[in-house]
Amino acid sequence: MKIGVCVKQVPAKDAPLAIAEGGAWIRESDIGFETNEPDSFALEESLRLKEKHSGEVVAISMGPDRAKQTIKEALAKGADRGIHISDDQFYKLDPLSSARSLAAAIKDEKFDLILTGLQSDDQGFGQTGVLLAELLGLPHATIIMQIDIVEGHMKLKRELEAGWFQWVELPLPAVLSIQSGINKPRYATLKGIMAAKKKEIATVNRASLRIADAPTQRIERIYIPQKTKKTEFITGQPKEIAAKLIEKLKHEARVL
């Protein structure tokens, strides 16, 4: 079984974020980066499927040269090789352009299964996996909590709202978005770290893919909300006060 798993590098959770000049993104020059946590669950699930059904796991990441570290971490945990889609300005891409780039870079790989995390910790759109499936012409399912592969098709457990779950069947090949918490991601061993140094990471320049990347959406501005305080006294009879309070909670605070 040949499995591709998308892993994204994002700013570290404890990184002190500062907004870049112009307000369109954060200043990346002086912060640390790490593997997107939801993608760690997708990677772990791909490794477990490989151990159960044999085959190959390919880690795929897009970004500047530093994104190779995320691929190396995946290789150290057990992935067999990596594909790096090189682009220093990838953070400007919307989910559709990102999915188009991924699809163009991996279309000749002929994966049996492609896994993504549910969403990214930095932008959190949660759309790249869905769009990737559409562009590749493959069936897709989201919020996956369990994968059972039997005789060329999959039985999948999906998490719904209010504690409900849904079982669906899907043929292979397919694209799945994995729910965080489906498993417990492993740590890289010393043996795995040493073995990763000998594993292949193929680099593809995103510009060479000739993907039309005119944005269908864009980030206008990133800003820190201003904290304000306002105290208002409501006077009158208890019944009048209650009616005024309800109106304010509905139309001003919008919590009802």
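The values are calculated or read from the model by the stated rules, or taken from the named source; none is laboratory data. Predicted model only: the values in this text are computed from it and were never measured. Using ideal geometry, Cβ is built from the backbone for each residue, glycine included, and neighbour counts are taken over all protein chains shown.
A few comments on the model shown:
- None of 51, 34, 56, 45 is modelled with pLDDT of 90 or more and surrounded by 23 or more Cβ atoms within 10 Å (Cβ to Cβ) except 45.
- Conditions (1) modelled with pLDDT of 95 or more; (2) on the phi > 0 side of the Ramachandran plot; (3) among the small types (Gly, Ala, Ser); number of the one not met by residue 103: (2)
- Any hit, the range 121-128, residues being among the β-branched types (Val, Ile, Thr), touching a Pro at 6+ places or on another chain (Cβ under 9 Å), assigned to a helix (DSSP H, G or I) and in contact (Cβ under 8 Å) with a residue 40 or more places away in the chain: yes
- Subset tally (residues that are surrounded by 12 or more Cβ atoms within 10 Å (Cβ to Cβ) and under 30 Å from residue 106 (Cβ atoms)) for the range 216-256: 1
- Per this entry, residue 67 is counted among residues that are over 19 Å from residue 144 (Cβ atoms) and either of a type in the set (Lys, Arg) or out of contact with any helix residue (DSSP H, G or I) (no Cβ under 6 Å at 6 or more places or on another chain) (or both).
- Among the conditions (1) without any contact (Cβ under 8 Å) to a residue 24 or more places away in the chain; (2) over 22 Å from residue 70 (Cβ atoms); (3) in a loop (DSSP other than H, G, I, E, B), residue 138 misses just one, which is (1).
- Candidates are the residues of the range 177-190 that are in a loop (DSSP other than H, G, I, E, B) and of a type in the set (Ser, Thr, Tyr); the one that is surrounded by the fewest Cβ atoms within 10 Å (Cβ to Cβ) is 187.
- Test result for residue 67, in contact (Cβ under 8 Å) with a residue 24 or more places away in the chain, under 16 Å from the mean Cα position of the chain (by Cα) and under 15 Å from residue 203 (Cβ atoms): yes
- Residues being part of a loop (DSSP other than H, G, I, E, B) and not hydrophobic (A, V, I, L, M, F, W, C) - total across the range 233-248: 3
- Filter result for the condition that a residue is at pLDDT below 95 and touching a Cys at 6+ places or on another chain (Cβ under 8 Å), over 117, 124, 129: 129
- Residue that is nearest to residue 10 (Cα to Cα) [pool: residues in the range 150-161 that are modelled with pLDDT of 95 or more and aliphatic (A, V, I, L, M)]: 156
- Residues of the range 190-245 that turn out to be modelled with pLDDT under 90 and touching a Gly at 6+ places or on another chain (Cβ under 6 Å), as a count: 2
- Subset tally (residues that are outside any loop (DSSP other than H, G, I, E, B) and either of a type in the set (A, V, I, L, M, F, W, C) or surrounded by fewer than 18 Cβ atoms within 10 Å (Cβ to Cβ) (or both)) for the range 92-120: 14
- Taken together, the residues in the range 191-232 that are of a type in the set (Val, Ile, Thr), under 24 Å from residue 101 (Cα atoms) and outside any strand (DSSP E or B) amount to 3.
- Selection of the range 193-216 for residues being touching a Leu at 6+ places or on another chain (Cβ under 8 Å) and not acidic (Asp, Glu) yields 195, 196, 199, 201, 215, 216.
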